[in-house]
Structure formats: C-alpha cells, structure tokens
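The values are calculated or read from the model by the stated rules, or taken from the named source; none is laboratory data. Since the structure is predicted, the reported quantities are computational estimates derived from the model, not experimental observations. Backbone-built Cβ (ideal geometry, glycine too); neighbour counts: all protein chains shown. The area values use the complete protein model at the heavy-atom level, side chains included, leaving out ligands, DNA and RNA. Shrake-Rupley method; radii C 1.70, N 1.55, O 1.52, S 1.80 Å.
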Amino acid sequence: MFWFNLKTDDRPGTLGYSRTAIQPVSLMQFIARLDEIAPRYGAILCDVWGVLHNGEWSFPEAAGALERARANGIAVVLVTNAPRRSDRIIEQLGALGVPRAAYDRVVTSGDATRDMIAGGPRRIFHIGTERELTLYEELDVELCEEREADVAVCTGLFNDEVETPADYQDLLGRLRSRDVPMICANPDIVVERGTRLIFCAGAIAREYQQLGGRVSLAGKPHSPIYALARREIADMLGHPVEASKILAIGDGLLTDVKGAVQCGFDVLYISAGIHALEYGQHGKPERDALTAWLGRNQVKPVATMPMLA
C-alpha cells in the first residue's frame, strides 16, 4: 500500500499543500488503546482541543492514556493551535479537569507566534476577543485602530458564537486595499465547542489569502511550532528524539496530520473529531468509509481510534 506525503509550504501566507514522493507504509491499525502502539515511541505530541477536551468538558480516558504513557517513560508534550501563551492553556486545562499528570509540557501557536510579532511592525490591529490580548504581554508593540495599523494579528473572530468569515469581508477588503500583512495566531479553520463547530482564526486568514493578502503562520501544520516542541522534548530528556520515535496524536487533517507528516512523525488519528461526519455518525465511524476518506485525502496514519483511550 502507498500514500502521498502532505507537505506544507512554509512561505508566509501559505495554507496549501503539495504532493511529494510516494512512500510505502504498513497497513493502518484500528486500535482500542494507546498502549497498543505507545511502546514504540520516546515522545508523544498530542493535540488538545478535540482530543483532551472539546472546550466545554474534558475526556478523562484520554488524559488517563497520556498519564499511562508518561508512567512508562514516554515524554508527552501537548501541542495546540490556541492563540494564547502556554501558561494560560495550563490554567484552562486545569479548569476543565485535565490532570497535570497527563502531560509534561505545553507548546502553543501563541508561543510560536510571539516571535513573529516581536520581529514585525510595532503598530498592530488585533482581530479577536479581549481574552486573547495576553498574547502581547511583555512585547514592545502598540495596539491601534485598523486605519493606523502596519500589521493585523488575528487570534480568532470578535464573537465566534454568532459570526462567520462572511462577516469579515468588508474589513478584510479594507486591509487588503492597504496591503496590510496578517499574522494568524491560530491556523485552525474550525474547532469543536461542545457539539458545535466554531470558526477559528485560520478561517479568517484563508479568506484574506483568497483576496491576495499576505499571511504568516507559526502554528500547526507549519514548522515553527514543531521545532519548539522538539526543543522542549530534548530539554526534558537531555537529548533529542529522532522523528521516527515521535508519535503525533490529533483529529485535524490539515493541521495535526499534515504537520506531523511533514516532520516525519507517525500519526494516531482520532476519528471522532472535527471530520467525524465525513465517515459516519459522531463517535461511531464506519470503518470502510473512514478508510476510503483517508485514502481520498492521500494520508495514512499508523493507527486510528475514535477517542483517545
């Protein structure tokens, strides 16, 4: 059996992917427990939203699986496209009931994006909620009105409970008319919140690109966030871990899966996430339909399971 690698183009403003050399792979496993494959690896990079929680409640079995992996000496780093700093995500995880014993460290898109912000223009127009303003803490930047800004930083929608990307066409058109570059702090297009799908900053960035706007991204599937995560692993263990010994866990095809494949990591695909309705009922994937869907998208995880357990 063969597959196509998904290769991310890391040039600023690029969200697409291209085909690379075909490589043979073993048959994908349908597993019931992380323990079935975890002993092969020295480190796990695990997605957060959609795997450990859905924004409203946490998944105890998923946390338990990671706790067991850590107890067996595997380093666990949570890698999330949240547009906030890692300390804020640790607070959120605690509030949602995810035990601290489930992970060693957290790396966020916000962490990786701060370097882009620090190296860019100082006058920033913020697109997103006020709770994400912590992204700019301790950075020498000035938040200003749209007409005064030299760069726009998008962390999400102003009100993701009611708005859609269509509500931003006029704003994006004005930014594009001045050729204002955009930094996207969360490349996710949508995320689950409870039982609903909510638009994220990546949806706004995609619209801006379609208008010809310039967009820079550091979160999944782009390389900066993975480089940061691998540095964290090496710091914890005292030595780097080769790519073939890293397992990435996630539910997002264009973020978790694509980013992991680009880096040479094996992927455990969580099927009861944002793509669940593509191949069955939510939480009940039809095996043949799932296999066909993955084939159409030219990806081959090493294993798949509905929920991490």
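Given a 1.4 Å probe, how much area per residue of region 228-292 is accessible, in Å²?
Working: 2860 Å² over 65 residues.
Per residue, region 228-292 has 44 Å² of solvent-accessible surface.
Carbon and sulfur: what percent of region 174-309's accessible surface (1.4 Å probe)?
Percent of accessible area from carbon and sulfur atoms in region 174-309: 51.
I want to check the label-to-label distance for residue 177 and residue 309. Put each point 7 Å from Cα in the C-beta direction and report it in nm to one decimal.
Reported label-point gap for residue 177 and residue 309 is 5.5 nm.
Roughly how many nanometres apart are two label points built 7 Å out from the Cα toward the Cβ at residue 211 and residue 148?
A separation of 2.1 nm, rounded to one decimal place.
Would you mind checking the pairs 245/300; 258/300; 245/284 and listing those with alpha carbons more than 19 angstrom apart?
Result: 245/284 exceed 19 Å.
Multiply the residue separation of residue 67 and residue 282 by 0.36 nm, subtract the distance between their alpha-carbon atoms, and state the gained length in nm to one decimal.
Values: separation 215, 0.36 × 215 = 77.40 nm, distance 2.57 nm.
Between residue 67 and residue 282, full extension yields 74.8 nm more.
Nearest 5 percent is fine: what portion of the DSSP beta bridges confined to the chain is antiparallel?
Counting DSSP beta bridges with both partners in the chain, the antiparallel share is about 30 percent.
Would you please classify the overall shape of region 39-114 from the alpha carbon gyration tensor, given that a ≥ b ≥ c denote the square roots of the eigenvalues, rounded means a/c under 1.5, and beyond that prolate means a/b larger than b/c while oblate covers the rest?
Taking the square roots of the gyration eigenvalues as a ≥ b ≥ c, region 39-114 is oblate.
If each residue of separation counts as 0.36 nm, what is the full-extension length gain between residue 244 and residue 166 once their alpha-carbon separation is subtracted?
Contour length minus the Cα-Cα distance gives 24.0 nm.
Compute a Gaussian network model of the chain, connecting alpha carbons closer than 10 Å, and tell me which residue from 129, 80, 255 fluctuates the most.
The residue with the greatest mean-square fluctuation here is 129.
Give me the 1.4 Å probe accessible area per residue for region 66-154, excluding ligands and nucleic acids, in Å².
44
Candidates (i) 33; (ii) 39; (iii) 46; which is the computed percent of Cα pairs over 29 Å apart?
This structure yields the entry labelled (i).
Looking at the square roots a ≥ b ≥ c of the eigenvalues of the Cα gyration tensor of region 185-234, which shape do they give, rounded for a/c under 1.5, prolate if a/b is larger than b/c, or oblate?
Oblate, because a/c is 1.5 or more while a/b does not exceed b/c.
If you place +1 on the Cβ of every Lys and Arg, -1 on the Cβ of every Asp and Glu, and leave all else neutral, what size is the dipole of the chain about its Cα centre, to the nearest 20 Debye?
880
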